Amino acid sequence: MTERLRRSDGLEIASLGGIIVGLGVASYLTIVHYQDDLLVCGVGGDCHTVQSSEYATIGPIPVALLGVGLMLALLGLWIARYLRPGYAGEMTALSIGALVVAVAMEGYLTYAELFVIDAICQWCVVFAAVLLTLLGVEIIRFWKVEDDFEES
């Protein structure tokens, strides 16, 4: 069992790192949703336009807050997978499912940034990159879990 954990430590660290970065970005975007003067946007970005657009909320809920919820759920699944290696396949499958939905939603929001709002938020781009990276890591992790069970 510990052999299985050791063989995938790099993926576990990558996954946890992505979750932490994603949680940081989503938390920051949630904070600046409520306190716009804290928003920092780099050269060439227009975060203020994106953050104040109708696409920044679903009803009264900031989209960034949904990102915080997603990252907390992924962190919970990561912890469960770490503590209960026997359920690694199930926890990884749930993570992949959540990430597929999140990537689809982020794809829609990126489309809105590019073609509707006509503005790009660098933080949103970072969050999208984190989601895609996490999805890739989790898919690889899932294949490794399946390979581990076939070898047993």
Return the distance in nm (one decimal) between the two label points of a simple spin-label model at LEU132 and GLN35, each offset 7 Å from Cα along Cα→Cβ. 3.2 nm
Dipole of the chain (Lys/Arg Cβ +1, Asp/Glu Cβ -1, origin at the Cα centre): which of THR92, THR110, TYR82 lies farthest to the positive side? TYR82
Under-5 Å amide H pairs with THR57, H placed in peptide plane, nonlocal only: VAL63
Would you compute, for the Cα atoms of the chain, the largest minus smallest coordinate along each principal axis and list the three values in descending order, in whole Å? 54, 30, 26
Report, to the nearest 10°, how far helix 122-151 tilts away from the longest principal axis of the Cα atoms in the chain, using its own Cα long axis and a range of 0 to 90°. 10 degrees
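What is the fewest-to-most order of PHE115, PHE142 by other Cβ atoms lying within 10 Å of their Cβ?
On the way: PHE115 8, PHE142 18.
Fewest to most other Cβ atoms nearby, the residues stand as PHE115, PHE142.
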Size of electric dipole in the stretch 59-152: Cβ of Lys, Arg +1 and of Asp, Glu -1, about Cα centre, debye, nearest 20: 300 debye
Would you order TYR28, TYR111 from fewest to most other beta-carbon atoms within 10 Å of each residue's own beta-carbon? TYR111, TYR28
How far, in degrees from 0 to 90, does helix 88-111 lean away from the longest principal axis of the Cα atoms of the chain, to the nearest 10? 20 degrees
P(r) for the stretch 20-77, please, calculated from all Cα pair distances in 10 Å bins and given in %. 24, 51, 22, 3
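No value in this document is a laboratory result; all are computed from the given coordinates. Keep in mind that what you see is a predicted model, and the values were worked out from it rather than measured. Virtual Cβ from ideal backbone geometry, glycine too; neighbours counted across all protein chains shown.
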